[in-house]
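Okay, structure first, notes after.
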Amino acid sequence: MVIIASAVFVDGVGRCTPLHWAAIQGHKKVVSVLMRGEGTKATVISDKSGLTPSMSASKYHKHSCRSYIKECLDREAKRGKKVMPSSFAAFVL
């Protein structure tokens, strides 16, 4: 897969991004790479069930991935970038 700077790939089945899939599977290193490539854009995309990657990680008990996404969002917010509040992104089901 090639990550293009301003685009976020979404599959045609469940509207999941690679970040959704990495978070659901608990692949924190992959989440880290994707967060660098896609930035926070992918954190606000909901799948067909309405879940963000962070919510999906929570649903499947992949708390290290959920926490990492929250940390990234908090860090971006501190830098003054507009991001979705981590309280929403890290919503626990």
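What follows draws every value from the coordinates through simple rules; no lab data is involved. Quantities reported herein were computed from a predicted structural model and do not represent experimental measurements. Because the Cβ atoms are built from the backbone with ideal geometry, glycine has one as well, and the counts that use them run over all protein chains shown.
Between Lys29 and Arg79, what is the spin-label point distance in nm, taking each point 7 Å from the Cα along the Cα→C-beta axis?
2.3
May I ask which of Lys41/Lys78; Lys41/Lys62; Lys29/Lys70; Lys28/Lys70; Lys48/Lys70 have a Cα-Cα span longer than 18 Å here?
Lys41/Lys62; Lys48/Lys70
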